[in-house]
1. Leu167 is checked against (1) touching a strand residue (DSSP E or B) at 6+ places or on another chain (Cβ under 8 Å); (2) assigned to a loop (DSSP other than H, G, I, E, B) and fails just one. What number does that condition carry?
2. Against the condition part of a helix (DSSP H, G or I) and in contact with a helix residue (DSSP H, G or I) (Cβ under 6 Å, 6 or more places away or on another chain), how does Ser458 come out, does it pass?
3. Being open to solvent by 20 Å² or more (accessible area, probe 1.4 Å) and at pLDDT 95 or above is the filter here; which residues of the range 87-107 pass it?
4. Do we have Lys561 as basic (Lys, Arg), surrounded by fewer than 20 Cβ atoms within 10 Å (Cβ to Cβ) and farther than 30 Å from Ile387 by Cβ here?
5. Do we find that Asn287 is more than 23 Å from the chain's Cα centre (by Cα) and modelled with pLDDT of 95 or more in this structure?
6. From the residues in the range 154-199 that are surrounded by fewer than 16 Cβ atoms within 10 Å (Cβ to Cβ) and of a type outside the set (A, V, I, L, M, F, W, C), which one is nearest to the chain's Cα centre (by Cα)?
7. I need a count of the residues in the range 495-505 that are more than 25 Å from Leu292 (Cα to Cα) and either open to solvent by 30 Å² or more (accessible area, probe 1.4 Å) or touching a strand residue (DSSP E or B) at 6+ places or on another chain (Cβ under 7 Å) (or both).
8. Quick check on my filter: what residues within the range 267-302 are among the basic types (Lys, Arg), part of a helix (DSSP H, G or I) and out of contact with any strand residue (DSSP E or B) (no Cβ under 9 Å at 6 or more places or on another chain)?
Amino acid sequence: MSLLGITAVIGRDAAVPCSVSENCSTQSFKGKNVAGVIDYHNNFNEQPVYYDKDSKVGICCDGRPYKYGLKGAVVSTIEIVQDYLKWGVQAIKNYSGAFNLLIWNDNTGDVEFLNDKFCLRPMFCVETEENLFLSTTAKSVAELANIPFTLNHEFVYNALSYSRVGLCSDSIVKNVKFVTAAAHYNYSEKFSVSSYFDYSHLYSQGNCHLSPAEMSEYFKELMKKYSSYDETVGINLTGGLDSRALLASVKSEDHGKVKAFTWGYNEHNAEISLAKQVADSCGVEWNFIQLLPKDFVSKWRQGSSLLEGRDLIVQSYGLHTFPIIRQKADVSISALALDFTLGGSYYVNKASSSSREQPFECIMSRFNGFANYSNYFLDEATARSHIASLKESAYRIVEEDGTGDIDFAIESLCFKARVERIINARQSWQRLFVDDVCPTFDDDFLKEVYKIPHQEKSGHAYYRKMMLSLSAECSSIPYQRTMLPVSAPLKFWKKSAELERKYEELYRDLYCETNGKILQPYGRYYSNFDEWLRKEPTWLKLVDELLLSKDCILTQDYISKNWLKKIVTEQRSAVISHYGILVQLLTVEMALRWFYSL
C-alpha cells in the first residue's frame with residue numbers, strides 16, 4: 001500500500017532502505033543529514049522536491065501550503081525555498097493549509113521538519129539520540145527505525161474507553177508517537193523539538209467579531225481561496241450542515257468546475273435526498289455513489305493497515321467511493337469539524353457548574369462510548385490503571401491551554417485529541433485516490449471564529465444565522481439531524497431531534513415485540529448499522545467470525561466473553577441498541593488481527 005506522503009530519516013548517517021521506494025510511486029531525496037522519499041501520486045505539486053543549487057537548500061513538501069490571508073495563494077516548492085531564504089523558518093510558520101515540510105541546508109548540515117497547525121496530514125515518529133524517523137504509518141516508522149513491533153496496550157484501552165478521543169500519545173505500536181500539530185523538529189548537530197503555534201492564540205473573546213452576515217461573505221472568500229485553481233473540485237456532500245455550508249459558499253461562476261458527491265445504501269433515504277436537494281438548489285452537478293451494506297466492512301483488512309485502529313473501520317467505505325470520485329474530480333474538499341468550531345456543539349454552561357471539574361467530567365463522559373457499561377474487562381485493575389492514565393493525559397491538555405476558560409479548554413482537547421488523532425485519520429482514505437483540502441481549518445478563518453463568544457455560538461445559533469445569509473434557498477431545505485429546515489426557529493431543533501430519536505426507538509421496539517417479524521426500516525441516514533447488526537447477513541457473519549469465535553483476541557486478552565455475547569444477543573433481538581459499541585469493538589478486533597498478522 002502507498003505510504004501517502006513523506007518517509008524520512010534525519011540525523012547522522014541518514015539513509016532510507018531501497019525497499020521503501022519500491023512499494024509506491026515516489027521521488028527520493030538526500031542531503032546532508034537527511035534522506036527520504038515522497039509518494040506524490042495524488043499531490044497537486046508536480047515538483048514536491050526542489051533543491052536550490054546556489055544556496056544548497058532543499059525542500060520536500062507533501063500537501064498544499066497557502067500564503068497568509070484570504071487572498072493567499074498555494075505555495076510551490078520553489079516559492080517555499082525563496083521564502084525560507086528570505087525570512088527563515090518563520091515564513092513557513094505563517095503558512096496555512098495542510099502540509100508536511102522537510103528543509104535541509106547542505107552548507108550547515110541543519111535539517112528542519114514542520115507540519116501544519118492542525119495536523120491535517122498525520123505523521124508518526126521515533127526519536128533516538130542520533131536520528132529522527134518519520135513516516136505516515138506507525139508500522140512503516142517502526143520498520144524504518146528497526147524497533148520491536150510491540151503492541152501498545154494503553155492504545156487498546158483508549159479504544160475500549162474514551163474511544164472518541166486519542167488520549168494516548170503513542171500509536172498502536174509501542175514507542176511510535178504521533179507527531180503533534182505545529183511541530184518544529186530542528187537538527188543542528190543535535191535535536192530540538194518545539195511547537196510553533198499555540199491554540200490559545202486563536203482565542204480572542206470580545207465584542208469585535210464578524211456578524212453572521214459578514215461571516216458568510218468571509219466564508220465565500222475562503223472557499224474561493226481553496227477552489228480557485230484550474231481543477232475540478234469535488235465536495236463530499238451529506239445531509240448535514242457543514243458540507244452544505246461549503247457548497248452554498250461556492251460562487252455561481254465556479255459551478256461548472258464544482259461537483260457534489262453523496263454516497264449511501266439507499267438513494268431514497270432522507271439524508272441522501274436532502275443532499276440532492278441542496279446540490280440542485282446550488283446549481284451544482286450531483287453524483288450519487290451506491291454502496292451496499294457489505295461495502296462498509298468488506299475491505300477491513302486494507303482499512304486496518306491504513307488506519308491502524310485510529311478510526312472506525314466502517315469508514316473504509318472510502319476505498320469504494322473515492323476511486324469513483326477521482327474519475328470526476330482533481331481535488332476533494334472536506335468540511336471538517338465546523339460543528340464544534342462554529343456550531344458550538346461542545347459548549348458547557350459554566351453558570352450551572354459548581355466547579356471547573358464538573359463540566360469537564362460532563363464532556364469526558366460524552367467521549368466515553370463505554371460509560372454506560374461496567375465490569376466488562378477481564379482484568380479490572382489493569383484497565384482502571386490505564387484509563388486513569390488516559391484521563392490524566394486529558395487533564396494535562398486542559399491545563400496546558402493557558403486560557404483559564406473551560407469552554408476553550410474543552411475545544412483545545414477536541415483539537416488535540418479528537419481532530420488531530422481521530423478525525424484527520426479519515427482523510428487518509430481519500431488521499432489514496434484524490435488530493436484533499438480542508439478550508440475549515442484555515443487558521444485565519446479560525447481566528448475569526450474564536451472571536452465569537454461561546455454563548456453566541458452555542459446550539460448552532462450563530463451558525464444558523466450564517467447559513468441564512470449564505471443561502472436562503474439552502475436554508476429552506478431540512479437537514480438530517482432535525483429533519484427541519486435550517487430556517488426553523490432554534491427552539492424547535494432539539495424537540496425535533498428528540499422526536500426523530502423516538503421514531504428510531506419505536507421501530508426498534510416494534511421489531512423486538514414481534515420477534516423480528518416486522519422490520520420497519522428507519523431511512524434517515526446514509527447507513528444503518530443498527531439494523532444491519534440485527535438482520536444483514538454480511539454483518540451477522542462478521543460479528544460471528546470476529547467477536548464470537550474462539551479466535552477473538554478481545555475476549556482472550558481484554559473483555560469478558562459473556563458480556564460480549566450478552567450485548568450481541570440484545571442487539572440482534574433489539575432489546576437494547578448497542579450498535580455504536582459493537583462497531584467500535586469490531587474496529588479494535590480488526591486492528592488487533594492486523595497487528596498480529598504482521
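The values are calculated or read from the model by the stated rules, or taken from the named source; none is laboratory data. Worth saying up front: this structure is predicted, and the values here are computed from it rather than measured. Counting neighbours? That spans all protein chains shown, and the Cβs are built from the backbone with ideal geometry, glycine included. Side chains included, ligands, DNA and RNA excluded: accessible areas come from the protein's heavy atoms. Shrake-Rupley method; radii C 1.70, N 1.55, O 1.52, S 1.80 Å.
1. Leu167 satisfies all of (1) touching a strand residue (DSSP E or B) at 6+ places or on another chain (Cβ under 8 Å); (2) assigned to a loop (DSSP other than H, G, I, E, B) except (1).
2. Working: part of a helix (DSSP H, G or I): yes; in contact with a helix residue (DSSP H, G or I) (Cβ under 6 Å, 6 or more places away or on another chain): no.
Taking the combined requirement at face value, the residue does not satisfy it.
3. Answer for the range 87-107, where residues must be open to solvent by 20 Å² or more (accessible area, probe 1.4 Å) and at pLDDT 95 or above: Asn105, Asp106, Asn107.
4. On the way: basic (Lys, Arg): yes; surrounded by fewer than 20 Cβ atoms within 10 Å (Cβ to Cβ): yes; farther than 30 Å from Ile387 by Cβ: no.
Judged against the criteria, Lys561 is not a match.
5. Details: more than 23 Å from the chain's Cα centre (by Cα): yes; modelled with pLDDT of 95 or more: yes.
Here the answer is yes, as Asn287 does meet what is asked.
6. Ser169
7. As a first pass, look at the range 495-505 and keep what is more than 25 Å from Leu292 (Cα to Cα): 495-499, 502.
After this cut, where a residue has to be either open to solvent by 30 Å² or more (accessible area, probe 1.4 Å) or touching a strand residue (DSSP E or B) at 6+ places or on another chain (Cβ under 7 Å) (or both) as well, the list is 495-496, 498-499, 502.
Total meeting the criteria: 5.
8. To start, the set of residues in the range 267-302 that are among the basic types (Lys, Arg) comprises 276, 294, 299, 301.
Now narrow it down to the ones that are part of a helix (DSSP H, G or I): 276, 294, 301.
Listed by number, the residues that qualify are Lys294, Arg301.
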